[in-house]
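The values are calculated or read from the model by the stated rules, or taken from the named source; none is laboratory data. Predicted model, so just to flag it, every value in this text is computed and none were measured. A quick note on method: Cβ atoms are made from the backbone with ideal geometry, for glycine too, and the neighbour counts reach across all protein chains shown.
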C-alpha cells in the first residue's frame, strides 16, 4: 500500500442517554499522495465532523465503540500509544483546522505565540527561529506581519481563518484536515480561502481532507470526493466521477439540490429528513428517502460496488446495472 | 495607554460607589437630625464645663445666663449648627475626604489617642491581614481543587462539593466562628478563643509571630471554611466551560502536553472570570470579616464597629469606619479591576 | 428626479424612497459615532412580486428589511405601504399594517417562543389582533400548518418547539407569518440555517405560497444563486447603498457592477474543472459601515478603480439598460436611457 | 405544565423533596407560633423578666440528662390554688398544700423559691409556714412569713400580693439560712456559721453531712415533700395561690439563657420572623429587580443607560457597613432592616435580567413578535417574562436566605429590633454575656442551626425548582 493516508473500516460510536449514536460506521477511504484534496461532503449530523475527530483520536469521554485502522505513512495510528501519538503524529503529521476558526484561538494569548507553540514546545526550534518561520507562513497565507503580535479578537473572521491555516502548517504536516473552514465567511472571502488552499496543495505538496456540507464548494478544491450519509460513505470517487457521473441516488439528489446560478432549472429537494443516528434505518440508510427504492434496499445494507474504475458506491441499483 | 483606558472606565463605577455611599452618609446624618443632635450635645457639654469655670468669676445668675447665651451662639456658629445640615454636612464630607475624621467620644487607640483617624487606621492592617490571608487561601484551594474537579465531572466528589457549596450559602460565617470556638477552644482547648496576642504578648519577634499565627488560625479557618466550597464550585464550573471550548480541542490536537493544555489553555483563560468571581466575593468577604472579627475579638475594623456600637455608642467612629471601609473596598476593587484588565486582552481593546 | 427611479411598476405595494437608517453607537466614554447602515435606498415592490436583496455582511440588507416593515426608525426618506407612509402611521394604523405585512427570520431556533406550543405560536398573531372565535382560530391555525406542510397539523400543534427540527421550526415561523394572510413578507435569510437538502424544499414552499396567495416578498440573502431562482428582481447592496438592480436573470447573466460581477464569480458551481484554477476573487474583506470609504464605497476593492474619480464622488444609480440600474462610473457614459 | 404536575416533579427530585418537606414543616411550626403566641411576644414576654423569674438561669435542656453520668435535677414547679386540706386549729383555719416529689440527682436544686399571691384576710394577717420533709424522716421548717398587716388608714377586708405576688428566693433568704443552720446543729450536731452556709442552702437541705470535712455534703436522694401551711385567723380568709419552685439543673426542650428565658419559646417565635424577613425582602427586591431589568433591556435608550449605571453602582456598594451605619443612626427596627436590604438587594437581578433581555432581543424572537404587531406590554409580559421566570423564580428563592442571614448578622452586632426577638438576637445575647466562653452551647448552637436550616430549606427548594421551570432541562415527554 503506497497511499499516504489509509482509513480502513473506521467505526466510532458514542453513547447518548438514549443509547449508542452510530456517528461513524465502517468508513474506508485513502489519500493517494500529497498535493491533492479529498472532500468529505455531508449534511449536518451526518457524522463527517466525528470522522475527523476519530482520525485525530480526539474522542469525547462517552465513546461506545471505536475500532478500525488508520494507516499514515506506514504507521497504524489507532493502536499507537497515546503519548507517542501525541508527540509524533498530532500536528506533526496530522493537523486540524476546526470548524469556525473564530474559536480555535485561545483568546488571551497572542496569535503568534499560538502559531509557534507546537514548534517551541517540541523543542525543534528556538523562539526566534520559530518566529521567523511563523512570519513567513503568515505572509504566505496573505496576512500582514503584525498579526503575529495581535490578539485573536483583533482579527476578522477571514484573518483568523488564514492564521489558523498558518498555524496548521507550522510543523509542515503531510496531511491537514479542514472542517468547514469557510462556512461562516462571506462569499468573497470564501473564494480567497479556497484559492489559498489550492495554492497550498501545489506549493507545499499538502494532502487536504476538506469537510463541508456544500458539495459545490468541495468541487472548488477537491480532487476526490466522498459523500457521507448517516455515518457512512455512500459514494467516493474522483471529482469528475462523482460530479459528472454520480452513481448513488443521494449524490444525484444532492447535486440537484444546488441552486445553479446559470441555469433555469429549479433546485430539487430531497423529501424527508436525515435519520436519527441512534436508530438508523435497516438496509440502505438512505432508502426511506430514496425515489428509486426497491426490494433489497430495506433488507440488506449494500456493499461497496465499483461502478467505474476507482469509484465506489453503496447502492443495490449498481449491482442490478452491472449484473 | 491601552491598559489605562478600560481601567479608568471600570474604576469610574467604583468612584461612583464611593460617592453614593458618602451621599448616603450625609443624607442619613442630616435628614434624621442626627447631626444636629450630636452638635447640640457637644455644645451643651462645653457650656456646662464653661459654666463651672465662670461660676468662679460671675456671681449674678442673670448675667451668667446672658454670657452663656452669647457663648452658645458663638459655639453654634463655630460648629455650624446655625446653618442647616445641607450646607454644613457637605463641608464636613469634604473634611472627611481629607481623612480629617474628628475625635472619638470614649474609644481610644492602642496608645491612647482619641483621634478617630488614629483609632481606625491602626485597625486597617489587622483587618487586611485576616482578609487577604483567607482570600488567598480560598482562591488557592479553589483554583487547585476546582481545576481538579473539572476533570472528574459527575463523580461523587464533584456532587459532594456542589452540595457543600450550596450548604455554605446557608451558613452564617460568624456562627461557624462561634462553633469553632466552642469546640476547639472551649471543649478541646487547642486554640485561643480570641484576641490577636496572648496576655502578656511575647516580646521576641519569632514567638510573637507564632503567637499571632495561633490567634489568627481560628478566624482564618472560619473565613475559609465558609467560602472555599462556593469558590471551588464556581472555579470548577468556569474551568469546565472553558475546557469545552474549541481552542482547547485545538491545543490538544497540536500535540501539546496535557499539563500545558491545562495551564495555558484552560486555567490561563479562566483567570479573568475567576478574578471577576473574586470581585463579587469581595464584598461578601469584607462583611464576613466584620462579623468574624467581632466573634474572635480580632482588633480590626469589624471589632471596632462592635465596640463602637456596644455600650455608649461612638458616633464619630461609626461614621468614619463606614467611610474608611468603603474606601478600602473601593481601593481593593480597583486593584482587582486592574488585574482583570491586565489578564484579559479583550477588555484592553476597546476601539 | 427621473434618473433615479429604478422602478417601472405603476402601482407598487411597497415603496422605499431614499431610505436612510443611521445608528449611533457609543464609543469610549462619552463619544458616539454614526453608522450609516442604509444610506439612501429607493425601491418599489409590486403586489405579488418577489424582490431579492443580495449583499455580504455589513451591506445593510437586514436593516433595509426591518425598515420596510417599520421595525426600525428611518433616519431620512420614506417607507410607503399602499401609498401610506409606514413611519407616520398612528398606533391603530400601525397595527392594521402589521396584519398585512409579516416577517420571517433567519434563526429558526431563536425566532420561536420556546414556551409556546406550535399551536400557540401560530395563533399568537390572531390573539394579538383579536381575530376570530376560538374555533375559527383553530381552523386558521391548522390550515396554516397544513399550508406549510407541517402535517398532520393536529399532532404538530401540541408540540413545543424543542421537539421540532430546524426545518420544521422554520416552517412554523412561515405559518405564523402566513396566518394573517399578509400581502407582503420580508424574509431575512430564511434558509441559510437549514441543511442543503431541505433548503431547496423551503424555497420551493415559499415560492408556492407566494404564487398561491399573491404575496409580495422581500427576500434578503447573501446567496445570489437562491435569489436568482426565487425572485423576479435582484437588488445588490454594498455598504448601505444599492449598486445594481435588475431582472433576476438579467443581473446574473449580465452583471454590470464590478461588485456584482465578483459576487457572481465567487459562487462555486459543481464543476470539477474549478479545482485546477484560481477563481477571481475580491481583495480584502467587506468593510464595516463604521468607517465607510469615501466616494464609491466599493472603490478600495474594485478591479476597475479609476483614480481621481471613484474615491471622490459617489456614482448615482442609473438605468443603463431597460429595467437594469447600475451605480458605477464605468456605465455612466453608456446611459442610453437617461433623460 | 400545570401546577400540580410541576409540584409532583419537584417532589421527585432529591433536593426538591427535601426542600418541600422542610418548608412544610417550617410553615406548620410558624402557623402554630402565630396561633399560640401573642403577636407582641417580644415586649410582653421575652423582654419581661417577671415571666422568667422562676426559671433556672443558663441551664441546658432536659434531654441532656440521659447523656450525663450525673444527672442534674429536673426543674419542678408546684402550684396550688384551692387548699388540699383544711384543718381548724385554735388560732383559726389552717390551709395546707403538700407537694411530694422524688429527688434523684447528685446535684442539689439550683434554687428554691416560693410565691404567694392573692392573700385575703378580714382582720388579722395570716401566717405562712413552709416545711421540707426529707426521705430520712427528718423535717424542718424552712420559711415563715407573716403577711403584711393593715395600715392605719386602711379598712378590711384586705387584699395582699394581688398585683405583685410575693416571691421569695429561699436559697438566699436569711430566714432559710438560719433554719438550715439550726437544722444541722440539731440533727447532725454540725455547727456552721452563716457564711459557711450562704450559697449552699440547697446542698444542705437536700443532703447529709459527709466525711470528715465540715462543709462536705453528700446528696440525699429519695422522696421529699414540701408542705406549705397557711394559718388563717378567720373563716373566709384565704391564700389565693401558692407556688413552689425547685430550680432544676436542666430545663425544658432547649434550656434557658442567663435571664432564665425559655430558649425553646424564643427559638419558636424566631421562626415566623425569619420566614417573614426572608420572604418579604426577597419578594420586594425580586419584583423591583425584575421590572427594572426588563424595562432597562427592552426599552433601551436613556432609561436603559440610567438604570444600568445606577444598578451598577448599587450592586457594588459594600452593604454591611452601610447597613450598620444606617441602622445605628435611624435606630433598629425590623422594617428598616427589610427596607435597606431591599434597597440594596435588587440591583444584581436587574443587571442579570437586563442582559438576558438584551440577549433575547438579539435572538430575533422579540423582533418577530413585534413584527406581528404585539404591544409592548404583551411582548414584555407574554414573551419576555415567561422566559426569564425560571431564573427569576430561582433568584427569588435564593434571595430569601441571604436576607435571613443579613438580619441575623445585624442582630448579632446588636442592631436587631429589640421588640421582636430573632435568632440572631438570641445568639448576640449569648455572645455578649460571655455565654460562649463558659460553654453554654445550648444557647449558641440551636439558634444558628435554626438559621442554617431555614436558609437551607430555601436553597434546596431553589435547587429543586430550577430544572422544572427551565424548559431546556425539561425532559421530552416520551
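Kindly provide the set of residues from segment B:200-217 that are surrounded by fewer than 19 Cβ atoms within 10 Å (Cβ to Cβ) and either within 27 Å of the chain's Cα centre (by Cα) or within 13 Å of residue D:445 (Cβ to Cβ) (or both), ordered by number. The answer is B:201, B:208, B:209, B:210, B:211, B:212, B:213, B:214, B:217. Surrounded by fewer than 24 Cβ atoms within 10 Å (Cβ to Cβ), part of a helix (DSSP H, G or I) and more than 9 Å from chain A (Cβ to nearest Cβ): is that true of residue C:207 in this structure? Spelling it out, it is not the case that residue C:207 is surrounded by fewer than 24 Cβ atoms within 10 Å (Cβ to Cβ), part of a helix (DSSP H, G or I) and more than 9 Å from chain A (Cβ to nearest Cβ). If you go through segment D:343-380 one residue at a time, how many are under 23 Å from residue D:284 (Cα atoms), in a loop (DSSP other than H, G, I, E, B) and within 13 Å of chain C (Cβ to nearest Cβ)? Selection size over segment D:343-380: 0. Taking each residue of segment C:266-285 that is more than 7 Å from chain A (Cβ to nearest Cβ) and looking for partners that are at pLDDT 85 or above with beta-carbon atoms closer than 7 Å, six or more apart or interchain, yields C:280/C:262; C:280/C:265; C:283/C:301; C:284/C:300; C:284/C:301. Summed over segment D:177-198, residues that are modelled with pLDDT of 80 or more and not in a helix (DSSP H, G or I) total 5. Say whether the condition of being under 27 Å from residue A:202 (Cβ atoms), assigned to a helix (DSSP H, G or I) and in contact with a strand residue (DSSP E or B) (Cβ under 7 Å, 6 or more places away or on another chain) is met by at least one residue in segment A:53-68. Yes: one or more hits. Residue under question is residue A:258, and the condition is that it be more than 12 Å from chain C (Cβ to nearest Cβ), closer than 18 Å to residue A:39 by Cα and either within 20 Å of the chain's Cα centre (by Cα) or buried (at least 19 other Cβ atoms within 10 Å of the Cβ) (or both); does it hold? Spelling it out, it is not the case that residue A:258 is more than 12 Å from chain C (Cβ to nearest Cβ), closer than 18 Å to residue A:39 by Cα and either within 20 Å of the chain's Cα centre (by Cα) or buried (at least 19 other Cβ atoms within 10 Å of the Cβ) (or both). Just checking, which of A:49, A:30, A:36 is at pLDDT below 90 and in contact with a strand residue (DSSP E or B) (Cβ under 7 Å, 6 or more places away or on another chain)? One residue alone meets the criteria, A:49. Is there a residue in segment B:269-281 that is free of Cβ contacts under 8 Å to residues at least 24 places away in the same chain, crowded, with 19+ Cβ neighbours inside 10 Å and either within 12 Å of another protein chain (Cβ to nearest Cβ) or farther than 22 Å from residue A:58 by Cα (or both)? No - not one qualifying residue is present in segment B:269-281. Checked against the criterion of being modelled with pLDDT of 90 or more, within 25 Å of residue A:301 (Cα to Cα) and facing another protein chain (nearest Cβ under 7 Å), segment A:240-252 contains one or more residues that satisfy it. Evaluating residue C:139 against the criteria (1) away from chain A (no Cβ under 14 Å); (2) under 29 Å from the mean Cα position of the chain (by Cα); (3) within 30 Å of residue C:91 (Cα to Cα) leaves one unmet condition, (2). For the structure I just gave you, tell me whether residue A:280 is within 30 Å of residue A:15 (Cα to Cα), in contact with a strand residue (DSSP E or B) (Cβ under 8 Å, 6 or more places away or on another chain), touching a residue at least 12 places away in the same chain (Cβ under 8 Å) and facing chain C (nearest Cβ under 9 Å). In short, no. The strands (runs of 3 or more DSSP E) falling completely within segment C:25-128 that include 1 or more residues that are within 14 Å of chain D (Cβ to nearest Cβ) and buried (at least 16 other Cβ atoms within 10 Å of the Cβ) map to C:76-81, C:101-104.
Filtering A:163, A:168, A:124 for residues that are more than 8 Å from chain B (Cβ to nearest Cβ), part of a loop (DSSP other than H, G, I, E, B) and either out of contact with any strand residue (DSSP E or B) (no Cβ under 8 Å at 6 or more places or on another chain) or buried (at least 18 other Cβ atoms within 10 Å of the Cβ) (or both) leaves a single hit, A:124. If you take the residues in segment C:210-220 that are touching a strand residue (DSSP E or B) at 6+ places or on another chain (Cβ under 6 Å) and within 14 Å of chain A (Cβ to nearest Cβ), which one is modelled with the lowest pLDDT? Of everything passing the filter in segment C:210-220, C:210 is modelled with the lowest pLDDT. Among the residues of segment A:135-160, those that are in a loop (DSSP other than H, G, I, E, B) and touching a helix residue (DSSP H, G or I) at 6+ places or on another chain (Cβ under 7 Å) comprise A:141, A:142, A:143, A:150, A:151, A:155.
Listed by position, the helices (runs of 4 or more DSSP H) enclosed by segment D:1-81 that each have at least 2 residues that are at pLDDT 90 or above and more than 18 Å from the chain's Cα centre (by Cα) are D:14-36. Among residues of segment A:222-239 being part of a loop (DSSP other than H, G, I, E, B) and more than 12 Å from chain C (Cβ to nearest Cβ), the one that is surrounded by the fewest Cβ atoms within 10 Å (Cβ to Cβ) is A:230. Among the candidates C:312, C:317, the residue that is more than 10 Å from every other protein chain (Cβ to nearest Cβ) and under 27 Å from the mean Cα position of the chain (by Cα) is uniquely C:317. Scanning segment C:181-198 for residues that are without any contact (Cβ under 8 Å) to a residue 60 or more places away in the chain and over 17 Å from the mean Cα position of the chain (by Cα), which turns out farthest from the other protein chains (Cβ to nearest Cβ)? Checked segment C:181-198; the qualifying residue farthest from the other protein chains (Cβ to nearest Cβ) is C:181. Part of a loop (DSSP other than H, G, I, E, B), crowded, with 17+ Cβ neighbours inside 10 Å, without any contact (Cβ under 8 Å) to a residue 24 or more places away in the chain and within 11 Å of another protein chain (Cβ to nearest Cβ): does that describe residue B:194? The answer is no for residue B:194.
Being outside the structural domain of residue A:195 (by TED's automatic domain parsing), closer than 30 Å to residue A:30 by Cβ and modelled with pLDDT of 90 or more holds for only one residue in A:78, A:137, and it is A:137. Applying the criterion of being surrounded by 15 or more Cβ atoms within 10 Å (Cβ to Cβ) and within 10 Å of chain C (Cβ to nearest Cβ) to the residues of segment A:261-277, the residue that is farthest from residue C:248 (Cα to Cα) is A:274. Exactly one residue out of B:317, B:295, B:330, B:335 is at the interface with chain D (Cβ under 9 Å from one of its Cβ atoms) and either surrounded by fewer than 19 Cβ atoms within 10 Å (Cβ to Cβ) or closer than 30 Å to residue D:425 by Cα (or both): that is B:295. Residues that are within 14 Å of chain D (Cβ to nearest Cβ) and not in a helix (DSSP H, G or I) were ranked within segment B:21-79; the one that is nearest to residue D:331 (Cα to Cα) is B:32.
Residue-by-condition table, conditions (1) part of a strand (DSSP E or B); (2) over 24 Å from residue D:106 (Cα atoms); (3) at pLDDT 85 or above:
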position	(1), (2), (3)
D:131	yes, no, yes
D:144	yes, yes, yes
D:155	no, yes, no
D:223	yes, no, yes
